[in-house]
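What follows draws every value from the coordinates through simple rules; no lab data is involved. These numbers were taken from a predicted model, which means no experiment stands behind them. For neighbour counting, all protein chains shown are included, and Cβ atoms are generated from backbone atoms with ideal geometry for every residue, glycine included.
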Amino acid sequence: MLNYETALKKLLASVPRLQSMTLPLSEVAGRVLARTIRADHGLPPFDKSFMDGFALRSADASTAPVRLRVTGIQGAGRVSPELSVEPGTAVQIMTGAPLPKGADAVQMVEKTRRISESHVEILAPVEAGTHVAAEASEVRNGDLVLQAGQALGPAEIAVLAVFGHSQVEVFQGLTAVILSTGDELVAVDQEPDFGQIRNSNAPMLASQCRRLGVEVRSMPRLADSPQAVRQALAEGLACSDALIFSGGVSAGEFDFVHKVLGRAGLEIQFHKVAIQPGKPVLLATDPERSKMVFGLPGNPVSAFVTFEAFVRPALRKWMGHRQWGLFEVSGCLTESVRHKTGRLLFKPAWAAFVEGQWRIQPLETKGSADIVGFARADSLLLIPPDVEQINSGEAARALLLPDHLDLQQSPEAMP
Ligand code: AMP
Ligand code: MG
């Protein structure tokens, strides 16, 4: 059976090429920048005060206290071009205002005393450059400020705004369709009859997609029949980039997804990977290599884990990100775990950074159907296929789940 690393290589090599598009700045949050941005002017654009106070000549205030004549006021955006600071004078200045001609420093208002309308006493000495941000001292004209492939969060959006990019070239977004197979599934708002269960994978996978910034189209659950799968496949390929099947990829009598995909002319890149949970996971591509079709096993924990282990890196690479997988940490195991060798184990766990190191606590759950037990985890302990046991206190690796900070138990709750 394919090991995880080999499957991941195949997966990443199957990711289609992405187009870029131009969007207004207000719509680029979470997108990936498609082109490198350089500064077209320095920052700050002028010598700027970063305190409220008095602009002066440092030569006049090398010792203090000293009295200076106040000749005017300079506010941010309220600039008097004729203002200048002559020897023995000062100009009252506000944070963000350009330094008037002649001044080379600012004393903050807290270290001054206004003694009259026309005079101020500087109470502490000032050196040249004090409380002044010199023109282009933060960024020089031509500096690289954002790199292609960078995800656009709030700070990056501010950088784009600073340099006037009201329209931004970003990589295209993706659309995914979630296709849940299973005769036993009923909608969330329905009461299951005997032998039926609610479809929990569809909302789970949809939220996993949305968290990546992927638009989701949901379809009603599919019956376990080749016709139903064939028709949904055709519809899904017509309206989206990625298709995510849940269920129907195992060896059961009514598992039709892989068979239908093969017969429909899709190329099966892999089916079955040596991981636990999630062994039956499947990836197929269309002949034009413009779509990806994932088949995730139906057990909820398997579907969750295979989404994070396969769908996430594929979609993130596709969208132009430079970082694809979950964040991996190395730490110290707090409780021994045994492992039946042969497959890479993703074991639900808690991970907390305590006193300078990650502590990883394996969680006991009832396995790949036990989504309630799994929902307590904030991370996945990784046990390599050939490792039979990791003892308490030994080194181990874990993947932090995307909402790790929100999911995390308080460190006190950990043993
Ligand atoms: P399958 O992969 O189709 O063999 O399904 C494996 C197990 O997962 C079975 O117990 C199914 O009832 C369950 N299952 C399949 N699809 C879903 C779903 N959408 N939501 C919750 N459980 C599911
Ligand atoms: Mg099924």
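General observations
- Antiparallel %, DSSP beta bridges [both residues in the chain], to 5: 70
- Semi-axis lengths (Å, descending) of the ellipsoid that matches the C-alpha gyration tensor of region 260-377: 31, 18, 11
- Low-density loop positions, GluC sites (Glu not before Pro), region 319-415 - DSSP coil, at most 14 other Cβ in 10 Å: 355, 364, 388, 394
- Under-5 Å amide H pairs with residue 248, H placed in peptide plane, nonlocal only: 298
- Electrostatic bookkeeping for residue 38 treats Lys and Arg as +1 and Asp and Glu as -1; over the other residues with beta carbon under 12 Å from its beta carbon, the sum is 0.
- Taking θ as phi - 60° and the Karplus parameters 6.51, -1.76 and 1.60, the scalar couplings of region 400-407 work out to 7, 5, x, 9, 3, 5, 6, 7 Hz in sequence order, x denoting glycine and proline.
- The chain: angle of helix 201-211 to the longest principal axis, Cα-based, in degrees nearest 10: 20
- Computed from backbone phi, the HN-Hα couplings of region 27-36 come to 10, 9, 4, x, 7, 10, 5, 9, 9, 6 Hz, rounded to whole numbers (Karplus: 6.51 cos²θ - 1.76 cosθ + 1.60, θ = phi - 60°; Gly and Pro given as x).
- Dimensionless Rg/Rh of region 205-291 - Kirkwood Rh, Rg from C-alpha atoms: 0.94
- Compared with the dominant principal axis of the Cα atoms in the chain, helix 226-239 is inclined by about 20°.
- Loop-located GluC sites (Glu not before Pro) in region 240-289 (DSSP state not H, G, I, E or B) with no more than 10 neighbouring Cβ atoms inside 10 Å: 253, 288.
- Those lysines that a straight Cα-Cα span of less than 30 Å connects to residue 272, excepting residues fewer than 8 apart in one chain: 9, 10, 259, 291, 317, 340, 347, 366
- Tilt relative to the chain, helix 4-13 - C-alpha long axis, 0 to 90 degrees, to 10: 70
- DSSP-loop trypsin sites (Lys or Arg not before Pro) across region 23-81, with at most 15 other Cβ within 10 angstrom: 35
- Taking the centroid of alpha carbons for each part, region 264-332 and region 6-40 are 19 Å apart.
- Estimated FRET transfer efficiency (residue 128, residue 38; beta-carbon r; R0 35 Å; 0.05): 0.70
- Environment charge of residue 342, counting only residues whose C-beta is closer than 14 Å and scoring Lys/Arg +1, Asp/Glu -1: +3
- Over region 170-326, the pair-distance histogram of Cα-Cα distances with 5 Å bins from zero comes to 2, 10, 20, 24, 22, 14, 6, 2, 0, 0 percent, rounded to whole numbers.
- Anisotropy class of the chain from Cα gyration tensor, a/c 1.5 cut: prolate
- From the alpha carbon centroid of region 212-230 to that of region 146-194 is 18 Å.
- Using θ = phi - 60° in the Karplus curve 6.51 cos²θ - 1.76 cosθ + 1.60, the 3J(HN,Hα) couplings for region 123-135 round to 8, 9, x, 10, 9, 4, x, 4, 6, 10, 9, 5, 3 Hz; x is entered for Gly and Pro.
- Under 23 Å from the Cα of residue 48 - lysines, other chains or at least 8 residues apart: 101, 111
- Three-way shape call for region 327-407 based on the alpha-carbon gyration tensor, with the a/c threshold at 1.5: oblate
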